[in-house]
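The values are calculated or read from the model by the stated rules, or taken from the named source; none is laboratory data. What you see is a predicted model, and the numbers here were worked out from it, not measured in a lab. Note that we place each Cβ from the backbone using ideal geometry, even for glycine, and neighbour counts take in every protein chain shown. Side chains included, ligands, DNA and RNA excluded: accessible areas come from the protein's heavy atoms. Shrake-Rupley method; radii C 1.70, N 1.55, O 1.52, S 1.80 Å.
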Amino acid sequence: KAGVTQTPRYLIKTRGQQVTLSCSPISGHRSVSWYQQTPGQGLQFLFEYFSETQRNKGNFPGRFSGRQFSNSRSEMNVSTLELGDSALYLCASSRPPNTEAFFGQGTRLTVV
Amino acid sequence: GDSVTQMEGPVTLSEEAFLTINCTYTATGYPSLFWYVQYPGEGLQLLLKATKADDKGSNKGFEATYRKETTSFHLEKGSVQVSDSAVYFCALSESEGNTPLVFGKGTRLSVIA
């Protein structure tokens, strides 16, 4: 079956702009989580959505937001981009409870 | 808060050498423990997991045992291959749905022929 699909794979944005990233989970998976991966901070949890509701949130500023649609697809948005937002953004889907999280290949965002 | 500490890399080994990557954790409850692997240009793949003390997770020749007394979950493989070259992440989760995952910084493994 198809895996977790993230689009786009690569993005270059200018400081101050906003960006929207998309994640399509594995069919039947209703939980979608987002992580930020940087060389300095490693992998950090952003938020999790389940059945269109945010269930958990990490310690990120309000510029980072997300949503989930009725088909379980999720988007995350970053407004007023900063250079430090340059990272690989990973999405993971799962079918709770206590199930494996399947990760997408990520979207590499570069802010210049 | 919860945290995971794993050995700094990079680790360079010759093919067929023995591998150990150390991982220790701090958690308030009884977490599930995981090892994920990231190949170049890819997302993370679950390598193995253990959900309670003394459980041993294993997959593709890799093993790790959940040691509650030492709060450790060290990854081992008896004979590494060039194809094992990747970044390995130790992680924990205290939540029922295994979210959020708390990751270690990752250990880059390079295996040379």
- Leaving out ligands, DNA and RNA, calculate the buried accessible area for the pair A and B with a 1.4 Å probe, summed over both sides, in Å² to the nearest 100. 1600
- Query: Taking a quarter of the surface of the convex hull around the Cα atoms of the range A:1-72, what do you get in nm²?
  - Reply: 5.8
- Task: Give, as a single signed number, the net charge of other residues whose beta carbon lies under 14 Å from the beta carbon of A:L109, with Lys and Arg counted +1 and Asp and Glu -1.
- Result: +2
- Message: Averaged over its residues, how many other protein chain Cβ atoms are within 10 Å of peptide A:35-43's Cβ atoms?
- Response: 4
- Message: How much of the DSSP bridge set in chain A is antiparallel, in percent, rounded to the nearest 5?
- Response: 90
- Task: Return an integer: the convex hull volume of the alpha-carbon atoms of the protein assembly as shown, in Å³ per residue.
- Result: 121
- Message: So, taking all protein chains as they sit and a 1.4 Å probe, how much accessible area belongs to B:T70, in Å² rounded to tens?
- Response: 80
- For the range B:68-113, what mean projected area does the convex hull of the alpha carbons give, in nm²? 4.6
- Message: Applying a 10 Å radius around every beta-carbon, put A:31-37, A:85-91, A:73-79 in order of their mean neighbour count, most first.
- Response: A:31-37, A:85-91, A:73-79
- Query: With r defined as the distance between the Cβ atoms of B:N59 and A:F60 and R0 fixed at 45 Å, what FRET efficiency is calculated, to the nearest 0.05?
  - Reply: 0.90
- Task: Add +1 for every Lys or Arg and -1 for every Asp or Glu among the other residues with Cβ under 15 Å from the Cβ of B:G104, and state the total.
- Result: +1
- Item | For residues of B:42-52, the mean tally of beta carbons on other chains within 10 Å | 4
- Message: Counting only other residues whose beta carbon sits under 10 Å from that of B:T28, what net charge do I get with K and R as +1, D and E as -1?
- Response: -2
- Cα-based radius of gyration of chain B once divided by 2.2 N^0.38 Å, which approximates compact folds: 1.01
